[in-house]
Amino acid sequence: MMNRPTTLYTVIPCYNEEEVLGETSKRMQQKYADLYDKGMITQNSKVLFVNDGSKDGTWDIICSLSQQNTCFAGINLSRNRGHQNALLAGILTAKQAADVVISMDADLQDDINAIDEMLEKYFDGCDVVYGVRSKRESDTFFKRTTAQGYYKFMHRMGAEVVYNHADYRLMSRRALEGLAQFKEVNLFLRGMVPLVGYKSDVVYYERGERFAGQSKYPLKKMLSFAADGITSLSTDPIRWVLKLGAGIFVLSLIMLIYSVVRWATGHTTSGWASLMCSIWVIGGLTLISIGVIGEYIGKIYMETKERPRYIIESCVGLEERR
Ligand code: UDP
Ligand code: MG
């Protein structure tokens with residue numbers, strides 16, 4: 001059993017979100033007031049916005065919010081580092097002051113009314129509570145089918161990802177201490193959190209439409225994020241290359257015998273088409289295989305550099321700079 005009330009930090013990464021911050025902060029302030037009245041959170045609880053190098057007025061809005069109300073705080077990253085890095089910056093900063101941290105998107109697609117239930121599960125002894133979408137009606141058909149296919153594919157590769165869970169989740173300080181020990185720079189948080197362990201549970205919520213503004217995840221970014229997820233959680237693709245090679249080797253033995261027989265029976269001039277096909281097919285497969293392995297080598301290269309995952313330029317509304 002965890003103690004009530006608890007100090008809750010909600011971490012919200014923001015990239016060019018000036019259109020939604022007014023509404024998001026209003027609703028969060030109301031939610032915090034309710035949670036405080038219900039005796040679930042302490043007065044030290046905060047909403048921590050992470051400005052991920054926005055080009056619009058996002059940081060100014062965060063600063064003025066934190067001046068108006070001490071329940072708002074912000075950290076300003078030195079440049080745009082992407083959603084996952086911004087999220088990590090936020091939760092690792094929040095960990096120093098909070099008992100429990102919830103991460104969510106700025107655009108109100110994550111239903112903030114699920115926070116109550118998440119906290120209940122935390123009070124019941126869960127260290128991690130995953131927000132899971134009960135339905136995906138607000139997504140396009142394309143996004144829905146590709147996303148669900150992706151989750152299934154990840155499972156088949158032995159990666160532990162929670163079905164239909166994105167980055168709306170609660171983590172206790174203890175779980176965050178665990179996460180902080182993962183030093184990788186290629187971040188795929190929704191795949192790393194299950195590896196931390198501890199007791200976990202899920203809370204279902206309906207994913208809404210983006211409140212305002214444009215998605216900050218264009219298709220290209222989404223695909224590369226999906227590929228990062230696979231390479232960060234599994235080395236199965238390398239094994240597939242090995243299996244493919246073995247399969248083709250067996251085929252080549254059959255072809256060898258076939259060729260010798262054709263030669264012995266005097267049919268050696270025909271076969272231009274089959275020759276052309278094998279050159280192209282084998283060439284293609286070779287390139288794909290090198291590409292798969294290269295993808296992992298690229299990741300190793302980035303990991304060995306051990307570059308910082310984020311750099312904090314300034315903070316507002318946090319008691320002390322830590
Ligand atoms: N985000 C970020 N840095 C980026 C891109 C996005 O911090 O480089 C934030 C964004 O402000 C939002 C969250 O990540 O709070 C999710 O982005 P978005 O809602 O655009 O993605 P979608 O819901 O369309 O997948
Ligand atoms: Mg969104």
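Figures for the structure shown
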| item | result |
| --- | --- |
| Filter result for Y296 (surrounded by 12 or more Cβ atoms within 10 Å (Cβ to Cβ), within 25 Å of the chain's Cα centre (by Cα) and at pLDDT 90 or above) | yes |
| Residue within the stretch 24-36 that is crowded, with 21+ Cβ neighbours inside 10 Å, within 12 Å of ligand 1 (Cβ to nearest atom) and under 22 Å from the mean Cα position of the chain (by Cα) present | yes |
| Any chance D60 is of a type outside the set (G, A, S) and crowded, with 19+ Cβ neighbours inside 10 Å | no |
| Qualifying residue in the stretch 195-205 (condition: buried (at least 19 other Cβ atoms within 10 Å of the Cβ) and closer than 26 Å to T304 by Cα) | yes |
| Neighbours by Cβ (under 8 Å, 6+ apart or cross-chain): first from the stretch 202-224, touching a residue at least 60 places away in the same chain (Cβ under 8 Å) and more than 12 Å from ligand 1 (Cβ to nearest atom); second of a type in the set (A, V, I, L, M) and assigned to a loop (DSSP other than H, G, I, E, B) | V202/V162 |
| Candidate set: the stretch 169-195, residues that are basic (K, R) and either within 16 Å of ligand 2 (Cβ to nearest atom) or under 10 Å from the mean Cα position of the chain (by Cα) (or both); chosen: the one farthest from D111 (Cα to Cα) | R190 |
| Conditions (1) touching a Ser or Thr at 6+ places or on another chain (Cβ under 8 Å); (2) within 27 Å of A98 (Cα to Cα); (3) of a type outside the set (A, V, I, L, M, F, W, C): number failed by G158 | (2) |
| Every residue from the stretch 1-26 that is under 19 Å from A94 (Cβ atoms) and either part of a helix (DSSP H, G or I) or touching a Pro at 6+ places or on another chain (Cβ under 6 Å) (or both) | L21, T24, S25 |
| Given (1) more than 16 Å from ligand 1 (Cβ to nearest atom); (2) touching a residue at least 24 places away in the same chain (Cβ under 8 Å), index of the condition R156 fails | (2) |
| Lone qualifier among A212, A246, A159, A227 - being of a type outside the set (S, T, N, Q) and farther than 30 Å from I282 by Cα | A212 |
| Top-ranked residue of the stretch 1-14 - restricted to ones that are of a type outside the set (D, E, K, R) and surrounded by fewer than 22 Cβ atoms within 10 Å (Cβ to Cβ), ranked as farthest from ligand 1 (Cβ to nearest atom) | M1 |
| Residue check for Y198: touching a helix residue (DSSP H, G or I) at 6+ places or on another chain (Cβ under 6 Å), of a type in the set (S, T, Y) and either within 16 Å of ligand 2 (Cβ to nearest atom) or not in a helix (DSSP H, G or I) (or both) | yes |
| Selection from the stretch 225-239 of residues that are more than 12 Å from ligand 1 (Cβ to nearest atom) and either under 12 Å from the mean Cα position of the chain (by Cα) or assigned to a loop (DSSP other than H, G, I, E, B) (or both) | A227, D228, G229, I230, S232, L233, S234, T235 |
| Residue list for the stretch 101-137, filter: of a type in the set (D, E, K, R), assigned to a loop (DSSP other than H, G, I, E, B) and within 16 Å of ligand 1 (Cβ to nearest atom) | D105, D107, D110, D111, K135, R136, E137 |
| Contacts under 6 angstrom Cβ, first residue in the stretch 14-42 being within 22 Å of Y122 (Cα to Cα), partner assigned to a helix (DSSP H, G or I), 6 or more apart | M40/L119; I41/L35 |
| Options A159, A212, A166, A147: the member that is aliphatic (A, V, I, L, M), under 24 Å from A86 (Cβ atoms), surrounded by 13 or more Cβ atoms within 10 Å (Cβ to Cβ) and more than 16 Å from ligand 2 (Cβ to nearest atom) | A159 |
| Residue identified as free of Cβ contacts under 8 Å to residues at least 60 places away in the same chain and of a type outside the set (D, E, K, R) among G90, G178 | G178 |
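The values are calculated or read from the model by the stated rules, or taken from the named source; none is laboratory data. Computed from a predicted structure; not experimentally measured. Cβ coordinates were reconstructed from backbone atoms using ideal geometry, including for glycine residues, and neighbour counts include every protein chain displayed.
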